[in-house]
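Following: one structure in structure tokens, then a few remarks.
Any read-out appearing in this document is the output of simple, stated calculations on the displayed coordinates, not a laboratory observation. Since the structure is predicted, the reported quantities are computational estimates derived from the model, not experimental observations. Note that we place each Cβ from the backbone using ideal geometry, even for glycine, and neighbour counts take in every protein chain shown.
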Amino acid sequence: MVSVRALTERDLDAAVELHLEVLHMEFLSRFGPRFMRSYYHAWISSPGSLALAAVDESESLLGVLLGASDPAHHVRAMVRDHGLTMGATLVGHALVHPGLAKDLIVTRGWRYTRGVARLVKNRLSRRPSTNPPSSGPVIGEITHVLVDPSSQGRGVGRALVEESVREARAKGVQELQLVTPPDMAAQHFYERLGWRSSGAMQSRSGENFLRYSFTL
Ligand SMILES: CC(C)(COP(=O)(O)OP(=O)(O)OC[C@H]1O[C@@H](n2cnc3c(N)ncnc32)[C@H](O)[C@@H]1OP(=O)(O)O)[C@@H](O)C(=O)NCCC(=O)NCCS
């Protein structure tokens, strides 16, 4: 029996282990368990997150979903409150892995440097970063869905996504969006769950993705 509940601090070791196993090909996974733990901690403790755990009767972790009901607010809070810790862990790992450091600089160096500079400037001036409230539909996002390989194909992913839809709806979200790499089978999974494909896109780091959306 699968149940879905909020992902909490006590799930973090198991969640990071599962993430590194299932999504080992993801860029951030290359920074190892210490960085991923700081990333997960930042994710779940920043306002505006959607973070769910699928567990069995004995509370073993079967799957994880990460997303945000208010992505812009969530990412700002993550960077503001946890950016320096995550940045230090990321750079510390990159320093002893030169190949990874090179990829980091080539694909994200300039963007991350600007982010850190903005963060330090805001800290020094004690000014909270502000953005005007956006008009239009409230759009949330799902960033990761991962299920333990031995539990895949048994409805765990569906249970996670359906619970995220319920939670997002309760928070006033009108549409959920996600992207998935074109070479992963997840696109069929999302289509099966009623998500609409809205074409291809390239991330700021140059990776190709397919876009999906779901109206709540
Ligand atoms: C993609 C993933 C999250 C799906 O989770 P899951 O628990 O295996 O999927 P479910 O059993 O809940 O399947 C839900 C529906 O999607 C369908 N589906 C799932 N994976 C599918 C696939 N690869 N191809 C076609 N259909 C698929 C199932 O048949 C099912 O349909 P049904 O309910 O009508 O029978 C999981 O396989 C996974 O973790 N994959 C690796 C990581 C990944 O790709 N994550 C997504 C990108 S971040």
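Here are the numbers:
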| read-out | value |
| --- | --- |
| Convex hull volume per residue in cubic angstrom - Cα atoms of the chain | 131 |
| Formal net charge of residues neighbouring Arg30 (Cβ-Cβ distance under 15 Å; K, R +1; D, E -1) | 0 |
| Sites Ser60 and Arg204, calculated FRET efficiency, Cβ-Cβ separation with R0 35 Å, nearest 0.05 | 0.45 |
| Neighbour-count order for Lys102, Lys171, fewest beta carbons within 10 angstrom listed first | Lys102, Lys171 |
| Cα extents of the range 1-116 along the three principal axes, largest first (Å) | 45, 29, 19 |
| Between 0 and 90°, nearest 10: helix 71-95 axis offset from the chain longest Cα axis | 70 |
| Summed side-chain charge close to Leu52 - residues other than Leu52 whose Cβ falls under 9 Å, Lys, Arg +1, Asp, Glu -1 | -1 |
| Which of Ser46, Ser150 has the fewest Cβ neighbours within 10 Å, and the rest in rising order | Ser150, Ser46 |
| Value of relative contact order over the range 3-215, rounded to a whole percent, pairs C-alpha under 8 Å and six or more apart | 21 |
| Tilt relative to the chain, helix 156-170 - C-alpha long axis, 0 to 90 degrees, to 10 | 70 |
